[in-house]
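Please treat every number below as a calculation from the coordinates, not as lab data. Fair warning: this is a prediction, and the values are worked out from it, not measured in the lab. As a convention, Cβ positions derive from the backbone with ideal geometry for all residues, glycine included, and neighbour counts pool all protein chains shown.
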Amino acid sequence: MKVLLINPPEGKVYGKFKSPDHPPLGLAYLGAVLLKSGHSVKIIDIDADGISLSNLKEIIANYSLIGLTATTPTFGQASKIFEVVKENSRAITVLGGIHATIYPEECIKNENIDFLVRGEGEETFLELLDSLEKKKEISSIKGISFKKNKKIIHNPNRDLIKNLDDLPFPARELFKHSNYSYPDSFLSPVMPIMTSRGCPHACTYCCTKYIFSRKVRFRSSKNVMEEIEHLIKKYKVKEIHIWDDNFTLNKQRVKQIHDEILSKAIKIKFAFPNGLRADQVDEDILRWLKEMGTYSVCFGVESGNQIILDNVEKGTNLAQIEKAYELSKKIGLETWGFFMFGLPGETSETIKNTINFAKKIDPDVAKFHILKPFPGTKIFDQLKKQNLITNYNFDDYGIHTKPVHRLPNISEEDLINASKKAYREFYLRPLKIFKHALRIKSFNRFKVNVRTAFDLLKTIK
C-alpha cells in the first residue's frame, strides 16, 4: 500500500522557528516497520518541509492511506489536515500518538478520521494496513478505534512490544536532515536515538506512561551499538542525543554500553537532552558517561521545594538533586536544569525557593517553564476538580503559550512573572554571563548562545 505519514505543524507548541529542532523519531520507527514489510512510504514534516495546506492538496492524491501523529496541542492542526485530505482525496485516514491514546472517544468522533492507533503504534499500524489492503476483518485488531454503522468501537489494547531489538532502526532516510537545526548540539551531523521505552515513576504531570507504560523495556547493548555504528557509517554522525526517559535505570547496562564504545574506540559526542533522573545517577555512572564521550547531561529538577516535589510524586529529594549536580560538575560534564512553575501547592514563597535553588545548584543552562496540565494526567484531573483549569482549548497547551490554569493564591499572570523573574535572576549575574562566554567552543555553540540570548531578552522584558 502507498502510505503518507505526516507530522503536523508545531509552531504553536514550540514557538516560531526557521526550522524544527529534530525529525519525529516515532514516525521514523513507523516508516521503518512499513518499509520492511514492503509498503511504499513517504514522510512529510510540515514545518521542516515548508508544506502549506494548498501544497498538501497536490500531494495527497497519490496515496491510499494517510496517517498523522498528534500530541494534545497539535491535534487541532492535525484535524485541519484531515479535513483537507477528505476534501481532496479518497485516502483512508489514521491518527496515532499520545492524544489519540488518552482521548480516543473524542478523537474518533471527528468525521474526517477513519481509524485511531492507540499506544505503541508499530505493530498495530502494520496489522491495520495489511488488513485493509487484503480486505480482512479488522474487529480483532488490538489497539485500534473506528466507527462502524455510526457506532464507535474501541478494540482492546495491544500488549507492549516484548523485544525492542526486533524493531528495525528508524527510517531516517525519509527525512531531509538539512531542514533540522539540532540547536543544542556541539558537533554536526547529530542524530537522536532511543535505547529504551517506558518509565516506572508516577510523576503526576507526565503522559509518557500512557504510550509506553510504567514497565521499562531496554534494547540490548549489542543492538544499541549496532545502531550507533550504523549512524556513524551511513550518516557520518559526530554527535548522538539519547532521548530515553530512564537510560541510567539499569547500571549494569550503562557499563556494558560504555565498555563496548571504548572497546570499539568510537570517538563521538553524546548528550542527554531529554534528561536524566537525579536519583538514578552516581559517580560511577556519570564517570562512565563522560568516558564514553558524553559532554552534556540534563536533570528534571521541577521545583526547589520538597513539598511541591512530593505533591507531584516526583520521587526525588533536594539532596539527591544537589548531589547529582555536584558530581556532574566534578566529572566535567555540562549541566542543564529543567524547572517548572505552577505545580499544585505553588505559592509566592515556593517560587522563591525554586529560583534560589536554581542559583544554588547553578546548572550551565536553566529552563523555567510553566506547567501545562495535559489531559489524561493526574494533575489535570486534580486541577479540573478544583475548577483551576482556565482554558480548555488544547491548541493553547503548547510549551510557550500562556498559562491554562491558576492556583488558589497564584494567578496566570503571577506564573508568567515568575518565569520572567527566574530568567532575570538566574542569567543576569555577572559570573553566569562570564561562564556562558566560556561555553562558546564551536560555531554551532556560538549560534545557540546568540539565539538563546535573543530569546531571553524577549522573555525578561
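About the centre of its Cα atoms, the chain shows a dipole size close to 620 debye [charges on the beta carbon of Lys, Arg (+1) and Asp, Glu (-1) only; nearest 20 debye].
Restricting the chymotrypsin sites (Phe, Trp or Tyr not before Pro) of the stretch 1-80 to loop positions (DSSP other than H, G, I, E, B) with no more than 15 neighbouring Cβ atoms within 10 Å leaves Phe17. Near Ser181, the amide H atoms lying under 5 Å from its own belong to Asp21, His22; only residues 5 or more places off or on other chains count, and H is placed 1.01 Å from N. Model label sites at Ser140 and Asn274, defined 7 Å from Cα along the beta-carbon direction, differ in position by 3.4 nm. The candidate values are (i) 25.1; (ii) 23.4; (iii) 21.5; the one derived from this structure for mean projected area of the Cα convex hull in nm² carries the label (iii). Annotation note: trypsin sites (Lys or Arg not before Pro) in the stretch 14-75 located in DSSP loop regions with a Cβ neighbour count of at most 13 within 10 Å are Lys16, Lys18. Remark: the Lys264-Ser188 segment gains 25.2 nm on full extension, using 0.36 nm per residue and subtracting the alpha carbon distance.
Figure the gain on full extension for Asn409 and Asp395 (residue separation times 0.36 nm, minus the Cα-Cα span) and round it to one decimal in nm. Walk me through the numbers on the way to the answer.
Values: separation 14, 0.36 × 14 = 5.04 nm, distance 2.58 nm.
Full extension from Asn409 to Asp395 adds 2.5 nm.
With a cut-off of at most 12 other beta carbons within 10 Å, and DSSP calling the residue loop, which trypsin sites (Lys or Arg not before Pro) in the stretch 219-291 qualify? Please list them. Don't jump to the answer; show the numbers that get you there.
Numbers: sites: Arg219, Lys222, Lys233, Lys234, Lys236, Lys238, Lys251, Arg253, Lys255, Lys264, Lys267, Lys269, Arg277, Arg287, Lys290; in loops: Arg219, Lys236, Lys238, Lys264, Lys267, Arg277.
Loop-located and lightly packed - Lys236, Lys264, Lys267.
Give me the distance between the Cα centres of the stretch 316-358 and the stretch 18-45, rounded to whole Å. Between the Cα centre of the stretch 316-358 and that of the stretch 18-45, the gap is 36 Å. Extension gain for Asn317 to Phe169 (0.36 nm times residue separation, less C-alpha to C-alpha distance): 49.6 nm.
DSSP beta bridges in the stretch 186-459, what fraction antiparallel, as a percent rounded to 5? Taking every DSSP beta bridge within the stretch 186-459, about 15 percent pair in antiparallel fashion.
For the stretch 186-459, a simple Cβ point-charge model (Lys and Arg +1, Asp and Glu -1, everything else neutral) yields a dipole of about 800 debye relative to the Cα centre.
Counting Lys and Arg as +1 and Asp and Glu as -1, each charge on the Cβ, what is the dipole of the stretch 108-221 about the Cα centre in debye, to the nearest 20? Please report the intermediate quantities before stating the final value.
On the way: 20 positive and 14 negative charges, 109 e Å.
Its charge dipole is roughly 520 debye.
Isolated cysteines of the chain, defined as having no other cysteine beta carbon under 4.7 Å away, are Cys107, Cys199, Cys207, Cys298.
Among beta bridges identified by DSSP and lying wholly in the chain, the antiparallel ones come to about 20 percent.
Estimated from helical segments only, the mean residue ellipticity of the chain at 222 nm is -12000 deg cm²/dmol, where each DSSP H run of four or more residues counts as -39500 (n - 2.57). Tell me which of His201, Ile361, Val312 sits at the most positive position along the dipole axis of the stretch 186-459, charges placed on C-beta atoms (Lys, Arg +1; Asp, Glu -1). The residue sitting most towards the positive pole is Ile361.
Would you mind checking Lys215/Lys314; Lys352/Lys385; Lys329/Lys372; Lys329/Lys432; Lys109/Lys134; Lys42/Lys176 for any pair whose Cα atoms are more than 19 angstrom apart? Lys352/Lys385; Lys329/Lys372; Lys109/Lys134, as the Cα separations exceed 19 Å there. If you average the sequence gap of Cα pairs under 8 Å that are 6 or more apart and divide by the length of the chain, what percent do you get for the contact order? 13 percent.
For Ala70, nonlocal amide neighbours, meaning residues 5 or more places apart or on other chains whose placed amide H falls under 5 Å from its own, are Gly96, Gly97, Ile98, His99, Ala100.
Taking amide H as placed 1.01 Å from N in the peptide plane, Val301 has its amide H under 5 Å from the amide H of Phe338, each at least 5 places away in sequence or on another chain. Checked against a 28 Å cut-off, the cross-linked pairs Lys36/Lys162; Lys378/Lys402; Lys367/Lys435; Lys36/Lys236; Lys234/Lys264; Lys2/Lys209 give Cα-Cα distances beyond that limit for Lys2/Lys209. Helix 221-235 and the longest principal axis of the Cα set of the chain meet at an angle near 80°. A straight line joining the Cα centroids of the stretch 136-182 and the stretch 384-406 runs 29 Å. Ellipsoid semi-axes for the stretch 186-459, based on the Cα gyration tensor and the rule √(5λ), read 32, 23, 17 Å when sorted largest first.
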